[in-house]
1. Which ones in region 121-153 are buried (at least 22 other Cβ atoms within 10 Å of the Cβ), modelled with pLDDT of 90 or more and not in a strand (DSSP E or B)?
2. With the condition being touching a Ser or Thr at 6+ places or on another chain (Cβ under 7 Å), I'd like the strands (runs of 3 or more DSSP E) fully within region 412-489 carrying at least 3 qualifying residues.
3. With the condition kept exactly as written, say whether any residue in region 368-379 is over 25 Å from Leu305 (Cβ atoms) and at pLDDT 95 or above.
4. From the list Pro315, Pro376, Pro306, pick out the single residue that is crowded, with 23+ Cβ neighbours inside 10 Å, in contact with a Ser or Thr (Cβ under 7 Å, 6 or more places away or on another chain) and either outside the structural domain of Gly429 (by TED's automatic domain parsing) or within 16 Å of Val510 (Cα to Cα) (or both).
5. Residue check, Leu291 against (1) surrounded by fewer than 18 Cβ atoms within 10 Å (Cβ to Cβ); (2) more than 30 Å from Asn478 (Cα to Cα); (3) of a type in the set (A, V, I, L, M, F, W, C), all met but one. Which one?
6. With respect to Ala365, is the statement that it is in contact with a strand residue (DSSP E or B) (Cβ under 6 Å, 6 or more places away or on another chain), assigned by TED's automatic domain parsing to the domain that holds Lys309, of a type in the set (A, V, I, L, M) and surrounded by 18 or more Cβ atoms within 10 Å (Cβ to Cβ) true?
7. Which pairs turn up if I take residues in region 362-383 that are in contact (Cβ under 8 Å) with a residue 60 or more places away in the chain and look for partners that are part of a loop (DSSP other than H, G, I, E, B) and among the basic types (Lys, Arg) with beta carbon separation below 8 Å, at least 6 apart in sequence or on another chain?
8. Using the structure shown, decide if Ser73 is touching a residue at least 40 places away in the same chain (Cβ under 8 Å) and among the hydroxyl-bearing types (Ser, Thr, Tyr).
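The values are calculated or read from the model by the stated rules, or taken from the named source; none is laboratory data. If you're wondering where the values come from, they're calculated on a predicted model, not measured in any experiment. Note that we place each Cβ from the backbone using ideal geometry, even for glycine, and neighbour counts take in every protein chain shown.
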Amino acid sequence: MKRSIYLAAALLALAACNKDNVKEDYSQYSLTVSPVITRATETNFESGDAIGLSVIRETGSFADNAKLTYDGSQFKGALNWYGDGDVTATLKAYYPYSSSFPASFTVQTDQSAGTSASDFLSSVKEGVKPTAEAVTMVFKHKFSRLNITLTNKATKEVGAVSLKGLIPTARIDAQTLEATVDANAAAAEIKPFGSGTSYSAIVPPQKAAITVGVSVAGVDLTDNTLDATLEAGKSYSINVIVTDTKIAVVLAGEIENWGEGGEIGGGVQFEEKLADGYFTYDNVRYNVVKLKDGNWWMAQPLAYLPKGKTPSSDPNDGNGIWFTYTSDGKTVTPASDGKNGYLYDAATALGAEITNDNYKSFEGAQGICPKGWHIPTRTEFFNLVGLSNKATDESAAPVNENAAYYDKEYGAGRITTLDADGFNFAFTGCVIKGSATATGSYNKLIVDSSVSTVEAYMGKPRMNYILSSTGYNATATNIQFFALMSTFTSVYKEGRLNVPFSGYLNGTEVRCIRDAQ
């Protein structure tokens, strides 16, 4: 009897073992896609929208341009996974679907009924294994968007708006799903969507000489052409002032990454818990503090890495983002972990090319901060410390003795005073590069007993900048932005803070401030 029991138990164990060794066959599961996207309509995908999906394994293509249709929450179709759950694949998807992969895509020249049909989006996701769950894919705009705002000062009726000089066709790279303008295609007149004072149009990314036309009482009025470089996924503002006899047109420049959160928010997690004194951004938790100026500030440096950017330890490589460092006064040792944030040049921090023509257009820009936060302005720094270098249109350096942390003895802010309220000055140092041809370098100066009596500051970088979004001036070789700067001398031994300026190629700390509510 006991032998029978033992034999039965052994057989059951063997059966269980064999069952555990059997791999699950994933070919029974449908391949579905859960999209993350903000469309041109500022809504999500709509039921009935379709994408083309390709699945590529190392051994070759598993699926080419399979049609999946949106049901209100997911894209679904007749496509099932391959069976082996250990094999990874790259998923490539685009919208709107075409029966054959679109080697080119042309926007509608008449977008007056809406822009959705002209909105080309794509998503690429690597390292995906078969799953019973929907695969989350982040779709990004591959074209540019123009937002036109009319200021009507005419006494007559304002009619149609048009855009000329724009090529409507782009070539689509089958590997990357990126769009580049078809240089062989002819420019066309595009009718934007909208009415009254607000219009918009979607066009391929391109360099173009744009002419805006507005009809006033049946007469077509135009202004000088606008030279513009339109980048994929970016939204641009065109302001048009209309009178009875003429119009004045200004390209205000790139105003934001397209869509809610744009390139920063797409796929990047952000959770704000002010009551608990922090937010989490791209899987990094940052402490925040409400200071006496009434604003919420980051209480530590930003350590966000924009897509495609890798921090560098070589300040002369033009990388745009560098590791912070320590110094003994003679040599520097770059960090390698980002725990004290990174140093950014202005273009990286503000998320756009900086030129002599646009450097004053970034006031209060979100830049690489999370949605709802922005790069501080000169005024916001000034309202903290009460002293700034003068702007180009000011006769003297402004002083505000009523600023939240103005110290009369220092004639500016004092680091120890801000830190007492939780600012947590970080001593990140700076990269100095005076022009595009200059040699970049980490600043080696450190705090020592000759300039400070604060033990906690000893041996830390002496020259520190925190970037503002306010442009100061531009020369043939350099563009400068206002920045919060530390000064240590035999007089300012606890660290003086005021708002001078820093070159746009310098590497500086970034702290974000919350948007006014």
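1. The answer is Pro130, Lys142, Phe143.
2. Details: elements: 412-414, 465-474, 479-487.
Strands (runs of 3 or more DSSP E) meeting the threshold: 465-474, 479-487.
3. Keep residues of region 368-379 that are over 25 Å from Leu305 (Cβ atoms), which gives 378-379.
Okay, now just the ones that are also at pLDDT 95 or above, so 378-379.
Among the residues of region 368-379, at least one is over 25 Å from Leu305 (Cβ atoms) and at pLDDT 95 or above, which makes the answer yes.
4. Pro376
5. With (1) surrounded by fewer than 18 Cβ atoms within 10 Å (Cβ to Cβ); (2) more than 30 Å from Asn478 (Cα to Cα); (3) of a type in the set (A, V, I, L, M, F, W, C) applied to Leu291, the lone miss is (1).
6. Working: in contact with a strand residue (DSSP E or B) (Cβ under 6 Å, 6 or more places away or on another chain): yes; assigned by TED's automatic domain parsing to the domain that holds Lys309: yes; of a type in the set (A, V, I, L, M): yes; surrounded by 18 or more Cβ atoms within 10 Å (Cβ to Cβ): yes.
So Ala365 passes the test.
7. Taking only residues 6 or more apart or on different chains, the pairs are Pro376/Arg511.
8. Taking the combined requirement at face value, the residue does not satisfy it.
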